[in-house]
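Engineer: Mind looking over this structure? Questions follow.
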Amino acid sequence: MLAGPGSEARWRQRHSLISVDLAVSRPNGSELDLTESLESTVAIVTGASSGIGHAAAKRLACEGATVVAVARRQDRLDALIAEIESANGRAFAIEADLTDRAQCTEVVRRASTQFGRIDTLVNAAGVMLNGPSISSPAEEWERMIDINLRGLFNLTKVALPHLVESARSSSREVADVVNISSIAGRVAITEGAVYNATKFGVTAATEAWRQEFTQKNVRFSVIEPGTVDTELLGHQQTSTQQRYELMFAGIEKLHTDDIAAAVAYIVTSPRRVAINEIVIRPTDQR
Ligand SMILES: NC(=O)c1ccc[n+]([C@@H]2O[C@H](COP(=O)([O-])OP(=O)(O)OC[C@H]3O[C@@H](n4cnc5c(N)ncnc54)[C@H](OP(=O)(O)O)[C@@H]3O)[C@@H](O)[C@H]2O)c1
């Protein structure tokens, strides 16, 4: 099973019924299912070794994409590839530190050389290292800027020509960039200045790119999750972790599959439908 306990099978069953019922016509008269299959497409997913990127990689493989899974922890990527392949999916791992521009270029070169195309880019790699501004190590601020912004920008830049070409030449006539921002990209919070700045930056860049690439049929989407049950909080200083534990006490956190479902909804929507922005909070989160 590629996603959540039993949820994937139920989702697929429900979705295939919807597809049959709501088949729509293209301007040229041909039929198009509401949900486009990702068969024959290639998706690069960053942050695939854990959390949201890991779930998104599995979900896109489930939808038929060949997934290129990117992160630094090769052992985690190997386990993901094995899981996808054991469910008859297709996946390939590339170990890379995306704070290094040359490694971003190499990821795209290897993916496009190996598979001949790139249809989807999911930018999920990121870190959150919040804390009091006077005592926070400047190195932590730089790490956030380097991966949340610089890495996302550099990878997107080198992937763009391939995405434009896939949108131009494929039968789907569309390509996608899905950026994982955050509620922190909409609402600033105390002791989160730099994380907030990076996520506001991701949200802003996504909208600017969206406008720039409308005529090229490359859709840019941003997802802004509230708290999700991942490793993200655990990289922070102990005192900050404790503050977040208190803040989220009593809240039923989102599951990574909840965000992966939004990624799939965006990418499998028909060519004419661009889901620009999705905000997803836990029901209990203010
Ligand atoms: N969890 C939440 O509550 C939440 C809420 C809103 C938004 N988000 C956003 O969601 C995204 C994913 O976070 P997550 O919650 O899934 O956290 P996570 O489980 O810690 O995953 C972060 C991923 O980023 C990768 N990564 C970090 N630095 C990297 C680097 N230099 N080069 C390549 N990959 C790197 C990590 O892989 P390696 O360590 O193996 O390299 C890991 O796969 C982040 O952008 C985060 O800001 C999370």
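Engineer: Per the helix-only calculation at 222 nm, which mean residue ellipticity applies to the chain, given -39500 (n - 2.57) for every DSSP H run of n ≥ 4 and division by its residues, nearest 500 deg cm²/dmol?
Structural biologist: Values: 9 runs with 122 residues, N = 286.
Value at 222 nm, helices only: -13500 deg cm²/dmol.
Engineer: Still on this structure, please answer the following. Count the DSSP beta bridges whose two residues both fall in the stretch 152-286, then state the antiparallel fraction as a percent rounded to the nearest 5.
Structural biologist: 0
Engineer: By per-residue mean of other Cβ atoms within 10 Å, what is the highest-first order of 154-162, 65-73?
Structural biologist: 65-73, 154-162
Engineer: Could you give the nm distance between label points at Arg109 and Glu191, where each point is 7 Å from its Cα heading toward the beta carbon?
Structural biologist: Label at Arg109, label at Glu191, 4.3 nm between them.
Engineer: Would you mind telling me which residue in His54, His255, His235 has the biggest mean-square fluctuation in a Gaussian network model of the chain, where springs connect alpha carbons within a distance under 10 angstrom?
Structural biologist: Its mean-square fluctuation being the largest, the pick is His235.
Engineer: So, R0 is 22 Å and r is the distance between the beta-carbons of Glu231 and Glu85; what FRET efficiency does that work out to, to 0.05?
Structural biologist: Values: r = 24 Å, r/R0 = 1.09.
Efficiency computed from Cβ-Cβ geometry: 0.40.
Engineer: Enter the angle in degrees (range 0 to 90, nearest 10) between the Cα long axis of helix 256-267 and the first principal axis of the Cα atoms of the chain, meaning the one along which they spread out most.
Structural biologist: The two axes meet at around 40 degrees.
Engineer: At 0.36 nm per residue, and after removing the present C-alpha to C-alpha distance, how many nm does the segment from Asp284 to Arg73 gain when stretched out fully?
Structural biologist: 72.7 nm is the gain from fully extending Asp284 to Arg73.
Engineer: Remind me, relative contact order of the stretch 41-280 in percent, using alpha carbon pairs under 8 angstrom and six or more residues apart?
Structural biologist: Relative CO of the stretch 41-280 lands at 21 percent.
Engineer: How big is the dipole moment of the stretch 41-280 about its Cα centre under a simple scheme where the beta carbon of each Lys and Arg is +1, that of each Asp and Glu is -1, and everything else is neutral? Debye, nearest 20, please.
Structural biologist: That gives the stretch 41-280 a dipole magnitude of about 780 debye.
Engineer: All other residues with a Cβ under 9 Å from the Cβ of Thr203 taken together, and with Lys, Arg as +1 and Asp, Glu as -1, what is their net charge? Mind showing how you got there, number by number?
Structural biologist: Values: positive: Arg186, Lys199; negative: Glu207, Glu224, Glu277.
Net charge in that neighbourhood comes out at -1.
Engineer: Please compute the net charge surrounding Arg76, taking Lys and Arg as +1 and Asp and Glu as -1 over other residues with Cβ under 13 Å from its Cβ.
Structural biologist: Result for the local shell: -2.
Engineer: Give me the extension gain from Arg101 to Glu252: residue separation times 0.36 nm, minus the current Cα-Cα distance, reported in nm with one decimal.
Structural biologist: Using 0.36 nm per residue and subtracting the Cα-Cα distance, I get 50.6 nm.
Engineer: Work through the residues other than Ser133 whose Cβ is under 12 Å from its Cβ and net out their charges, Lys, Arg +1 and Asp, Glu -1.
Structural biologist: Neighbourhood net charge equals -2.
Engineer: Another question, if that's okay. Under the 0.36 nm per residue contour assumption, what length would be gained going from the current alpha-carbon distance of Gln241 and Ala204 to full extension?
Structural biologist: Gain on stretching Gln241 to Ala204: 10.5 nm.
Engineer: Can you give the three extents of the C-alpha atoms in the chain along their principal axes, from longest to shortest, in whole Å?
Structural biologist: 62, 41, 38
Where a number appears in this text, it was derived from the coordinates with a stated rule and is not lab data. Keep in mind the model is a prediction, meaning the values are calculated, not measured. Every residue, glycine among them, receives a Cβ derived from its backbone with ideal geometry; neighbour counts consider all protein chains shown.
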